[in-house]
Amino acid sequence: MTKRAVRRAPTRRPAPKKRPARRKNRPGMLEQVMAALPISQAAWKRIATWGIVGLVAIVGLGVASWFGLPAKAGVAVAEMVGDAGFRVEEIEVTGLKRMDRMTVYAKALDQQSRAMPLVDLAGVRQRLLNYSWIEDARVSRRLPNTLLIHIVEREPVAVWQNKGVLTLVDVHGVPLAPVSREAMPDLPLLIGEGANAQELARRKLMDSAPALKPLVRAATWMGNRRWDLVFDTGEKLQLPEGEDAAAAALVKFAELDGTERLLGKGLISFDMRDPDRLVIRKAATPATPPAATPGI
C-alpha cells in the first residue's frame, strides 16, 4: 500500500510590529521649563556666566582658606576673573547736563584694580557725590566689561550774592558754581549772609502773592531773621520777622498795590515791619517827612 505524502501548511510568520514614528526636534523638559520662565536668552547667558565665575571664586577661596590665606586669595581669584575678560573696559555715563564728563571718568577709574569683582561701586558713588553739581549717582556693573553710571544733577534756581561773590545755588541753597556779573542768568537774586539757605522759605513767601512774584528783582536776608524785597521799579519793601507775618504783610501790600498802584510812582521804600501801619518813604527833601498810613 502506497503512502501518500502529506503536505504541511507553511507556517506563517507574525507580521512585524510597526514602530511609532519618532518625534522630531521635541524640546527636553529643561528646555521647556526655561522657555516658560520670563527670562531672555541673554539673561540666561549672564546667569550662567556669573555661575561659572562664582564657582571658580568659591573653589579658589576654599583652597586658599585651607592654607589660611582667605583675604589674599579673594584678591587673587578676582584678578583671575578680570584676566578672563571681566575687567572694566568701558564706562557709560547718563544724566550729565553741566558737569564735565571727563571728571566722572576719572573718579570711576580711580581704582586699585579694574577687575570687575574688585571695583568699589560704593566708593565711586561717594566720590561723585563730593561734587556740588551732583545730587545723586547710581553705579552698577554690566558684564563682561562695562561700568554704568547715572548722574542726577542739581538745578540752579537762584543766584546768591554774598560779600561781592555771585554763586549759583539750587532749591536747597547748595552752592553750585560761581558766576560772573556779565553772565548772570535770569534767576532770582538772593543777597546777604545765609540767604542761600533760605531759598525754600523765599519761594514759599513769594507764592503767597503771585501777582508780585514776577516784579521782585532781589531779596535780601536781613540779620538772619527777615526779608527786604527790591522790585524792578526800584522800590524796597521791608517785611516783618516770621514766615506767617511776612506772608500776611506781602499779601496786604499786593492788595494795596492792586488798588492804589504803589509801585512805579518814584517812591523809595515801604516799611511794613510794624503790622499796624505802612510807612512810605519818598525822595528825600528837607521839608517832607516820611508819610505814614495807619491802620492797615
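The values are calculated or read from the model by the stated rules, or taken from the named source; none is laboratory data. Please read all numbers here as calculations on a predicted model, not as lab measurements. Using ideal geometry, Cβ is built from the backbone for each residue, glycine included, and neighbour counts are taken over all protein chains shown.
Considering only segment 114-143, state which residues are surrounded by 14 or more Cβ atoms within 10 Å (Cβ to Cβ) and among the charged types (D, E, K, R).
The answer is 114, 120, 125, 127, 135, 138, 141.
Condition check ((1) farther than 30 Å from residue 216 by Cβ; (2) of a type in the set (D, E, K, R); (3) assigned to a helix (DSSP H, G or I); (4) over 15 Å from the mean Cα position of the chain (by Cα)) across all residues:
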residue: 97; (1), (2), (3), (4): no, yes, no, no
residue: 110; (1), (2), (3), (4): yes, yes, no, yes
residue: 122; (1), (2), (3), (4): yes, no, yes, yes
residue: 126; (1), (2), (3), (4): yes, no, yes, no
residue: 159; (1), (2), (3), (4): no, no, no, yes
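Aromatic (Phe, Trp, Tyr) and in contact with a Gly (Cβ under 9 Å, 6 or more places away or on another chain), is that true of residue 221? Give the derivation first.
On the way: aromatic (Phe, Trp, Tyr): yes; in contact with a Gly (Cβ under 9 Å, 6 or more places away or on another chain): yes.
So residue 221 fits the description; yes.
Exactly one condition in (1) in contact with a strand residue (DSSP E or B) (Cβ under 7 Å, 6 or more places away or on another chain); (2) not assigned by TED's automatic domain parsing to the domain that holds residue 121 is not met by residue 164; state its number.
(1)
Please work out which residue is surrounded by the most Cβ atoms within 10 Å (Cβ to Cβ), limiting yourself to segment 203-217 and to residues that are touching a Phe, Trp or Tyr at 6+ places or on another chain (Cβ under 9 Å) and without any contact (Cβ under 8 Å) to a residue 40 or more places away in the chain.
We begin by selecting, within segment 203-217, every residue touching a Phe, Trp or Tyr at 6+ places or on another chain (Cβ under 9 Å); these are 205, 209, 212, 215-217.
When the remaining residues are screened for being without any contact (Cβ under 8 Å) to a residue 40 or more places away in the chain, the result is 216-217.
Details: 216: 20, 217: 12.
That would be 216.
Do we find a residue being in the same structural domain as residue 192 (by TED's automatic domain parsing), over 16 Å from residue 198 (Cβ atoms), without any contact (Cβ under 8 Å) to a residue 12 or more places away in the chain and assigned to a helix (DSSP H, G or I) anywhere in segment 250-258? Show your work before the answer.
Within segment 250-258, the subset in the same structural domain as residue 192 (by TED's automatic domain parsing) is 250-258.
After this cut, where a residue has to be over 16 Å from residue 198 (Cβ atoms) as well, the list is 251-258.
Then keep just the ones that are without any contact (Cβ under 8 Å) to a residue 12 or more places away in the chain; that gives 255.
Next cut, assigned to a helix (DSSP H, G or I) only: 255.
So far as segment 250-258 goes, yes, one or more of its residues are in the same structural domain as residue 192 (by TED's automatic domain parsing), over 16 Å from residue 198 (Cβ atoms), without any contact (Cβ under 8 Å) to a residue 12 or more places away in the chain and assigned to a helix (DSSP H, G or I).
For segment 257-275, name all the residues that are touching a strand residue (DSSP E or B) at 6+ places or on another chain (Cβ under 9 Å) and farther than 18 Å from residue 234 by Cβ.
Within segment 257-275, just 273 meets the criteria.
Could you check, for segment 250-262, whether at least one of its residues is more than 24 Å from residue 207 (Cα to Cα) and either modelled with pLDDT under 95 or surrounded by 14 or more Cβ atoms within 10 Å (Cβ to Cβ) (or both)? Spell out how you get there, then give the answer.
Step one: filter segment 250-262 for residues more than 24 Å from residue 207 (Cα to Cα), giving none.
No, segment 250-262 contains no residue that is more than 24 Å from residue 207 (Cα to Cα) and either modelled with pLDDT under 95 or surrounded by 14 or more Cβ atoms within 10 Å (Cβ to Cβ) (or both).
Which of the residues that make up segment 172-199 are surrounded by 12 or more Cβ atoms within 10 Å (Cβ to Cβ), among the aliphatic types (A, V, I, L, M) and out of contact with any strand residue (DSSP E or B) (no Cβ under 8 Å at 6 or more places or on another chain)?
174, 197
Could you pull out the residue among 167, 146 that is closer than 21 Å to residue 104 by Cβ and among the polar types (S, T, N, Q)? Explain how you work it out, then say what you get.
Values: 167 fails: closer than 21 Å to residue 104 by Cβ.
Being closer than 21 Å to residue 104 by Cβ and among the polar types (S, T, N, Q) holds for just one of 167, 146, which is 146.
Any idea which of (1) in contact (Cβ under 8 Å) with a residue 60 or more places away in the chain; (2) not in a helix (DSSP H, G or I) is the one residue 117 doesn't satisfy?
Here residue 117 meets the rest and fails (2).
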